[in-house]
1. Looking at residue 72, is it crowded, with 19+ Cβ neighbours inside 10 Å and either assigned to a loop (DSSP other than H, G, I, E, B) or more than 16 Å from the chain's Cα centre (by Cα) (or both)?
2. Looking at (1) open to solvent by 60 Å² or more (accessible area, probe 1.4 Å); (2) more than 17 Å from the chain's Cα centre (by Cα); (3) among the aromatic types (Phe, Trp, Tyr), find the lone condition where residue 78 falls short.
3. Which residues, taken from the stretch 44-87, are touching a residue at least 40 places away in the same chain (Cβ under 8 Å), under 15 Å from residue 110 (Cβ atoms) and hydrophobic (A, V, I, L, M, F, W, C)?
4. Residue under question is residue 18, and the condition is that it be at negative phi and either open to solvent by less than 60 Å² (accessible area, probe 1.4 Å) or touching a Phe, Trp or Tyr at 6+ places or on another chain (Cβ under 7 Å) (or both); does it hold?
5. With the requirement that a residue be touching a residue at least 12 places away in the same chain (Cβ under 8 Å), open to solvent by 50 Å² or more (accessible area, probe 1.4 Å) and out of contact with any Pro (no Cβ under 8 Å at 6 or more places or on another chain), what does the stretch 99-132 give you?
6. All but one of (1) open to solvent by less than 50 Å² (accessible area, probe 1.4 Å); (2) under 21 Å from residue 53 (Cα atoms); (3) not in a helix (DSSP H, G or I) hold for residue 135; state the number of the condition that does not hold.
Amino acid sequence: MDQFDQSLEVFIESAGWLAPVLFVLLHVLRPFFFLPVIVVCIAGGVLFGFLEGSLLSFIGLSLMSLLSYLLVHKFPGFKKKLTGLKYKVFKDRKVTVSQVMVLRIMPFVHFHLLSLYLIEMSASFKEYMYFSLLGLIMPAVFYTAFGQVITELPWYLTIVLLFVLIGIFQILGRMNKSQMQSKV
């Protein structure tokens with residue numbers, strides 16, 4: 001990862017004023033390079049600092065959400081593939097918007113899969129983008145600011161952090177289930 005950061009830093013420095021545009025484009029092309037979101041956001045923090053890196057990561061992730069929406073609606077094969085992945089990973093489990101937002105913070109959770117959940121829960125494109133943008137704030141800020149710390153944490157603290165996020169996910173699921181039962 002250090003080599004990737006150094007290569008990216010040299011490339012960005014030589015790009016000059018195009019650097020922010022190229023960085024946002026890297027976010028959009030990230031899935032084709034099999035780069036996790038956390039790696040690109042960490043690079044944004046290193047290259048552009050916390051504020052600009054977070055903003056550029058948010059813009060890049062927002063464009064990725066837009067692209068996810070277009071891919072799902074324009075290419076039925078892509079949607080079918082994601083739906084198969086959804087049933088493989090989550091079975092028939094219902095996931096709420098708040099749970100998707102927690103899952104967005106977890107590294108290595110499939111970005112397009114979470115976008116599919118949001119698309120299915122949303123009544124319109126506008127509502128999808130609202131939920132999607134809201135759910136992208138935390139990963140952009142969290143990974144940019146604390147991404148380096150997370151990757152340097154000892155393995156046992158990383159596992160503790162993962163279990164805390166899983167616990168929050170479970171609590172939100174139970175709260176949603178109890179709300180649904182009280183409505184019936």
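The values are calculated or read from the model by the stated rules, or taken from the named source; none is laboratory data. None of the values given here were measured: they were computed from a predicted structure. Note that we place each Cβ from the backbone using ideal geometry, even for glycine, and neighbour counts take in every protein chain shown. Heads up: the accessible areas ignore ligands, DNA and RNA and are worked out on the full protein's heavy atoms, side chains in. Shrake-Rupley method; radii C 1.70, N 1.55, O 1.52, S 1.80 Å.
1. Details: crowded, with 19+ Cβ neighbours inside 10 Å: yes; either assigned to a loop (DSSP other than H, G, I, E, B) or more than 16 Å from the chain's Cα centre (by Cα) (or both): yes.
So residue 72 fits the description; yes.
2. Against the list (1) open to solvent by 60 Å² or more (accessible area, probe 1.4 Å); (2) more than 17 Å from the chain's Cα centre (by Cα); (3) among the aromatic types (Phe, Trp, Tyr), residue 78 comes up short only on (1).
3. Answer for the stretch 44-87, where residues must be touching a residue at least 40 places away in the same chain (Cβ under 8 Å), under 15 Å from residue 110 (Cβ atoms) and hydrophobic (A, V, I, L, M, F, W, C): 61, 64, 71, 72.
4. In short, no.
5. The initial filter retains those residues of the stretch 99-132 that are touching a residue at least 12 places away in the same chain (Cβ under 8 Å), namely 99-108, 110-119, 121, 125, 128-129, 131-132.
From the residues that got through so far, the ones that are open to solvent by 50 Å² or more (accessible area, probe 1.4 Å) too are 108, 110, 121, 125.
Answer for the stretch 99-132, where residues must be touching a residue at least 12 places away in the same chain (Cβ under 8 Å), open to solvent by 50 Å² or more (accessible area, probe 1.4 Å) and out of contact with any Pro (no Cβ under 8 Å at 6 or more places or on another chain): 110, 121, 125.
6. (3)
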